[in-house]
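Beneath this line is the structure, given in structure tokens, with notes to follow.
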Amino acid sequence: MDLNLRHAIMQNISGNNQEQLEDTIVDAIQSGEEKMLPGLGVLFEVIWQNSSAQEKNEMLQALENGVKKQ
């Protein structure tokens, strides 16, 4: 069986509005389950690919700050 995880995740969220997407992200983070990480990775990939250079820089700054707090 050839399962394209990235495609499956995109199929599951296609057509979702902003509130539904936010709920998906919040639920995945709050659950703390390792199995949710690939889905979050796919969502981040979509965000990254659709962001300007300035937005990417802001995300990297936020990530760097968050990592330093750990």
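Every read-out reported here was derived from the displayed coordinates using simple, explicitly stated rules and does not represent laboratory data. Just so it is clear, the model here is predicted, and its values are computed rather than measured. We place every Cβ from the backbone using ideal geometry, glycine too, and count neighbours over all the protein chains shown.
Looking at Glu19, is it assigned to a helix (DSSP H, G or I) and loosely packed, with under 10 Cβ neighbours inside 10 Å?
Yes: the conditions hold for Glu19.
Looking at Met10, Met36, which one is among the aliphatic types (A, V, I, L, M), surrounded by 11 or more Cβ atoms within 10 Å (Cβ to Cβ) and touching a residue at least 24 places away in the same chain (Cβ under 8 Å)?
Met10
Looking only at the range 29-50, count how many residues are over 18 Å from His7 (Cα atoms) and either under 13 Å from the mean Cα position of the chain (by Cα) or of a type in the set (Asp, Glu) (or both).
Count: 3.
Return yes or no: is Ala62 surrounded by 10 or more Cβ atoms within 10 Å (Cβ to Cβ) and more than 12 Å from the chain's Cα centre (by Cα)?
Yes.
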